[in-house]
Amino acid sequence: MITNTTIQESNQSILKSHQRNFNHLAENLESKGLDVNQIIQQIRNLKIAIPSWALGTGGTRFGRFPGGGEPGSLEEKIADVGLLRKLNPAADSISLHIPWDIPKDPKAVLQLLEREGLTIDSVNSNTFQDQPGQAHSYKFGSLCHSEEKVRKQAIEHNLHVVEYGKQLDAKTLTVWLADGSNFPGQQHFRNAFTNTLESLKEIYSGMPSDWTMLVEYKPYEPNFYSMVIPDWGTSHLLTQSLGTQAKVLVDLGHHLPNTNIEQIVARLLHVGSLGGFHFNGSMYGDDDLTTGSIKPYQLFLIFNELVDGSLDSSVLNPPVSYMIDASHNSKDPLEDLLQSLEAIQIAYTQALVLDRSKLKQAQENNEVSPCQTIIQDAFRTDVRSLVAEANRQAGGAIDPVGVFRMAQTREILIEKRGRLSQSTGL
């Protein structure tokens, strides 16, 4: 549907305008002593996983309105991410959710991944839904459940997820639990935490030694009085008890309104416990909107902490995994993911061009106004042409969404898969 020739022809048609914008920005950055070529390489090195469940139209508890042409199999999902990678090379991997994405033929899937230039970033377990034929229900919890037989079932599911991941050369298991309670007194807080920890220990001991477990937190939903893992501190407590291969996963939507997420990121980096991100946009809660569409300044401030930590030799945190986690109800899923990819790259690049030596000096001297000016100067720098140049040099499109629309990609997918096709997932 989209070939390298299509991308190059599109790039050529807007190259003059792009070069004019890029040259102006490059000259400005170089006058400040920044190495533009080095920044471009850093942008190209940033890799972001695509969630398999976000390739179809999401839904709400009131309804779902499929957009047509959605991928109905794991193979079609891989093909869609391959399209994204052609347009924006930052999309180099896929995050799978089991049992939505169980591979029927792992060897064939690996061959398809190699052909598309992709890998499996992580595998995600699902104990927040009851599956057909399942012996015990997760209505009142999974890894935290008061009944051992339910906990055992959830543990076995996670271990099965690891086995599927091993077949596809994955190295990461992501665990998010819907476990919690809706009413005071419904659940024994300490027992629920103890059960969860003991269950996670059993899963952790069943992982290969070169794997990582990411433990995700969420303050509310689907339970509204309490969640067993409601915050980063609880995730950190659990990972510290599990071992060095367990880390905390931060989902931008999994925070109460006005939470200082960038400070959480700094704390986790400081103690070497930050393992990964789920990027999305949030206005009220876990809205799962397009990354950067609601709070772009917050996204930049988060990357400011990430870049600052990467430059500090005293920070011993391992490399952080980046993934998008979105549920788009009214927008083309692939266009949404392309917009999220660009927003993440922009925020990262803005953090790269920040004058850290000046900021550090202002911080040490407690010069509040200059600190704000330095931070906001970086955020207000229009780095879009720099991101576009990095993608162009990597073989991608200067205007990914423009190429996607110009090639009538969604229309072709609808013709190929049907107007009523629905993707597995949310």
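The values are calculated or read from the model by the stated rules, or taken from the named source; none is laboratory data. Remember, it's a predicted structure, so these values are computed and weren't measured experimentally. For neighbour counting, all protein chains shown are included, and Cβ atoms are generated from backbone atoms with ideal geometry for every residue, glycine included.
This table checks each residue for (1) aromatic (Phe, Trp, Tyr); (2) touching a residue at least 40 places away in the same chain (Cβ under 8 Å); (3) touching a Phe, Trp or Tyr at 6+ places or on another chain (Cβ under 6 Å); (4) surrounded by 15 or more Cβ atoms within 10 Å (Cβ to Cβ).
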{"residue": "Trp176", "(1), (2), (3), (4)": "yes, yes, no, yes"}
{"residue": "Asn182", "(1), (2), (3), (4)": "no, yes, yes, no"}
{"residue": "Leu197", "(1), (2), (3), (4)": "no, yes, no, yes"}
{"residue": "Leu200", "(1), (2), (3), (4)": "no, yes, no, yes"}
{"residue": "Ile203", "(1), (2), (3), (4)": "no, yes, no, yes"}
{"residue": "Pro208", "(1), (2), (3), (4)": "no, yes, no, no"}
{"residue": "Trp211", "(1), (2), (3), (4)": "yes, yes, no, yes"}
{"residue": "Pro219", "(1), (2), (3), (4)": "no, no, no, yes"}
{"residue": "Ile229", "(1), (2), (3), (4)": "no, yes, yes, yes"}
Exercise for the section: Answer yes if at least one residue in the range 150-168 is part of a loop (DSSP other than H, G, I, E, B) and out of contact with any His (no Cβ under 9 Å at 6 or more places or on another chain), and no otherwise. Expected result: yes
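So, Phe193, is that one surrounded by fewer than 13 Cβ atoms within 10 Å (Cβ to Cβ), modelled with pLDDT of 95 or more and farther than 30 Å from Gln42 by Cβ or not?
Values: surrounded by fewer than 13 Cβ atoms within 10 Å (Cβ to Cβ): no; modelled with pLDDT of 95 or more: yes; farther than 30 Å from Gln42 by Cβ: yes.
Criteria not met by Phe193.
This table checks each residue for (1) basic (Lys, Arg); (2) surrounded by fewer than 18 Cβ atoms within 10 Å (Cβ to Cβ); (3) on the phi > 0 side of the Ramachandran plot.
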residue	(1), (2), (3)
Ile2	no, no, no
Ile7	no, no, no
Gln12	no, yes, no
Leu15	no, yes, no
Gln19	no, yes, no
Phe22	no, no, no
Asn28	no, yes, no
Gly33	no, yes, yes
Fill in the blank from the handout: Only one of (1) assigned to a helix (DSSP H, G or I); (2) polar (S, T, N, Q); (3) in contact (Cβ under 8 Å) with a residue 24 or more places away in the chain does not apply to Gln111, and that is (3)
Problem - Selection from the range 177-230 of residues that are among the small types (Gly, Ala, Ser) and touching a Leu at 6+ places or on another chain (Cβ under 7 Å) - result: Ser199, Gly206
Exercise for the section: Residue by residue through the range 138-149, note down the ones that are more than 16 Å from Arg190 (Cβ to Cβ) and not in a helix (DSSP H, G or I). Expected result: Tyr138, Lys139, Phe140, Ser142, Glu147
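Please tell me if Leu306 is crowded, with 17+ Cβ neighbours inside 10 Å, part of a helix (DSSP H, G or I) and at pLDDT 95 or above.
yes
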Problem - Subset of the range 198-243 (residues that are in a helix (DSSP H, G or I), of a type in the set (Val, Ile, Thr) and within 23 Å of Ile264 (Cα to Cα)) - result: Thr234, Thr239
Completion exercise
Turns out the helices (runs of 4 or more DSSP H) fully within the range 2-74 with at least 3 residues that are free of Cβ contacts under 8 Å to residues at least 40 places away in the same chain and over 21 Å from Asn88 (Cβ atoms) are 15-31
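Quick check on the range 42-71: of everything there that is aromatic (Phe, Trp, Tyr) and under 22 Å from Thr409 (Cβ atoms), which residue is farthest from the chain's Cα centre (by Cα)?
Going through the range 42-71, the residues aromatic (Phe, Trp, Tyr) turn out to be 53, 62, 65.
Narrowing the set further to residues that are under 22 Å from Thr409 (Cβ atoms) leaves 53, 65.
Details: Trp53: 12, Phe65: 24 Å.
Applying the filter and picking the extreme gives Phe65.
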Handout entry: Test: residue in the range 275-296 that is surrounded by fewer than 19 Cβ atoms within 10 Å (Cβ to Cβ) and part of a helix (DSSP H, G or I)
Key = yes
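Taking the conditions exactly as written (touching a residue at least 12 places away in the same chain (Cβ under 8 Å), within 23 Å of Arg267 (Cβ to Cβ), among the β-branched types (Val, Ile, Thr) and out of contact with any strand residue (DSSP E or B) (no Cβ under 7 Å at 6 or more places or on another chain)), does Ile375 satisfy them or not?
Values: touching a residue at least 12 places away in the same chain (Cβ under 8 Å): yes; within 23 Å of Arg267 (Cβ to Cβ): yes; among the β-branched types (Val, Ile, Thr): yes; out of contact with any strand residue (DSSP E or B) (no Cβ under 7 Å at 6 or more places or on another chain): yes.
Against the criterion (touching a residue at least 12 places away in the same chain (Cβ under 8 Å), within 23 Å of Arg267 (Cβ to Cβ), among the β-branched types (Val, Ile, Thr) and out of contact with any strand residue (DSSP E or B) (no Cβ under 7 Å at 6 or more places or on another chain)), Ile375 qualifies.
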Exercise for the section: Tell me, please, whether a residue that is outside any helix (DSSP H, G or I), crowded, with 20+ Cβ neighbours inside 10 Å and out of contact with any Leu (no Cβ under 8 Å at 6 or more places or on another chain) can be found in the range 393-400. Expected result: yes
